[in-house]
Amino acid sequence: MLGRPGVYPRILLPFVMILLPVVAITPGHADDKPPVSVTVQPVHYQNDSVPVRTSGVLRWKSRQTLAFKTAGPVATVLVDAGDRMIKGQRLANLVPDEIDAQLSAASARVALARNNLQRMQQLHNRNALSLDQLQSAETGLAIAQSQLRMARFNQTYASIDAPANGLVLQRHVEAGELVAPHQPVLLVADESKGWIIRTSVTDRNIVRIAPGDKVSIYFDALPEQRFTGIITRTTAMASSAGTFAVEISLPTANPLLRSGFVAQLEIQPDHSRKRALIPISALIQSPVDDQPNSASVLIFNSEQQTAISRTVTLDYLDGTMAAISQGLKAGELLITTGAGLLKPGDRVHVVNADTAGGLSDP
């Protein structure tokens, strides 16, 4: 073999011919891939509380149903739904004939009982009348006086006056109708007491809120306006549906508000914890069914100029933001725009280096 020149070239040539095309099509290394342009933002933790979102209906805080105390035909109703009222203003009257007659009869009975008592006292002073008969006459006068006070009271409530400055919400009867005692005639509101919204929350949420917590309020009828309310009352017992009632005060005199408006409520519990609010675009893996509070993000490694994967605890989503409670360190640089185009270990180029803390380009 050693004495035969040209053997090695003839033997190696086929292998060389085979290897050449393989080397020609071998892809480049990962380091040869150009870096992906991204934007980053520093992780910042702040006091944050998970809002409780629910809905409710707007009502006047002070609403009163006005009625006559006695039965009778309605003489006049002087206001209608939507009218404003002034405290003491006459709103409605019954026909007074029957009430006046009852008052006159009661007054006559008092006069008769008083005269009868005077006569009995004179007879008793002459020992012509027993003590029992005198006491019976005194009782008769007391009963007649009570009946007179009752007739005067009924006469007072044979008309309806405005209890406060406010608004007439509903009118239930018309002039000429025969009404029963305590039958609703008018529904009115005292505007000085402001508005309330009543809603209900679950048992998991009722323990997180308390009177004094602030509420952001948005009405379907006024979607561009934000109102602020305060929780004024919560119930201590669940309803038949298993929810707890919550009352929210809205002290505003906005003329656009109407009783019955549907409100979307965002209650901010005062019990807060530290969370980092990050853009939803920074999430590269959304929560899954078996781990609903887990998600993945990418962190910028400034030394190697690469992206590092990080698993975080996702508390809630709020519009375009995600609230993270664990998994990130304050000051770390979170990759936001461009995160969906990356895999862990990819090289990146930060385009907002100046605003993200003076990073240098790779």
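The values are calculated or read from the model by the stated rules, or taken from the named source; none is laboratory data. All values derive from a computational prediction rather than experimental measurement. Cβ coordinates were reconstructed from backbone atoms using ideal geometry, including for glycine residues, and neighbour counts include every protein chain displayed.
A few points about this structure:
- Exactly one residue out of VAL179, VAL207, VAL173 is among the β-branched types (Val, Ile, Thr), without any contact (Cβ under 8 Å) to a residue 12 or more places away in the chain and surrounded by fewer than 20 Cβ atoms within 10 Å (Cβ to Cβ), and it is VAL207.
- Number of residues in region 285-310 that are surrounded by 14 or more Cβ atoms within 10 Å (Cβ to Cβ) and modelled with pLDDT of 85 or more equals 14.
- On the stretch given as region 44-72, residues that are under 30 Å from VAL95 (Cβ atoms) and in a strand (DSSP E or B) total 6.
- Every residue from region 248-276 that is β-branched (Val, Ile, Thr) and in a loop (DSSP other than H, G, I, E, B): THR252
- The single residue among ARG119, ARG63 that is surrounded by 16 or more Cβ atoms within 10 Å (Cβ to Cβ) and either without any contact (Cβ under 8 Å) to a residue 24 or more places away in the chain or of a type in the set (Lys, Arg) (or both) turns out to be ARG63.
- Scanning region 224-238 turns up no residue that is in contact (Cβ under 8 Å) with a residue 12 or more places away in the chain, out of contact with any Asp or Glu (no Cβ under 8 Å at 6 or more places or on another chain) and in a loop (DSSP other than H, G, I, E, B).
- THR76 vs. criteria assigned to a loop (DSSP other than H, G, I, E, B), within 19 Å of HIS182 (Cα to Cα), polar (S, T, N, Q) and not assigned by TED's automatic domain parsing to the domain that holds GLN264: no
- Output for region 171-183, where each listed residue is under 18 Å from ARG90 (Cβ atoms) and in a strand (DSSP E or B): ARG171, VAL179
- Considering region 91-116, and only residues there that are outside any loop (DSSP other than H, G, I, E, B) and touching a strand residue (DSSP E or B) at 6+ places or on another chain (Cβ under 8 Å), the residue that is surrounded by the most Cβ atoms within 10 Å (Cβ to Cβ) turns out to be LEU94.
- Qualifying residue in region 36-45 (condition: closer than 16 Å to LEU187 by Cα and either in contact with a Lys or Arg (Cβ under 7 Å, 6 or more places away or on another chain) or in the same structural domain as GLN326 (by TED's automatic domain parsing) (or both)): no
- Options GLY3, GLY88: the member that is modelled with pLDDT under 90 and exposed (fewer than 13 other Cβ atoms within 10 Å of the Cβ): GLY3
- From ILE267, ILE248, residue being over 19 Å from LEU334 (Cβ atoms), touching a helix residue (DSSP H, G or I) at 6+ places or on another chain (Cβ under 9 Å) and surrounded by 13 or more Cβ atoms within 10 Å (Cβ to Cβ): ILE267
- Subset tally (residues that are modelled with pLDDT of 85 or more and among the basic types (Lys, Arg)) for region 124-156: 2
- Filter pass, ASP83 being at pLDDT 90 or above, at negative phi and among the acidic types (Asp, Glu): yes
- Of all the listed residues (ARG90, ARG84), the sole one being under 13 Å from LEU66 (Cα atoms) and either assigned by TED's automatic domain parsing to the domain that holds SER259 or within 39 Å of the chain's Cα centre (by Cα) (or both) is ARG90.
- Subset of region 135-144 [surrounded by fewer than 16 Cβ atoms within 10 Å (Cβ to Cβ) and either closer than 20 Å to ILE99 by Cα or hydrophobic (A, V, I, L, M, F, W, C) (or both)]: ALA142, ILE143
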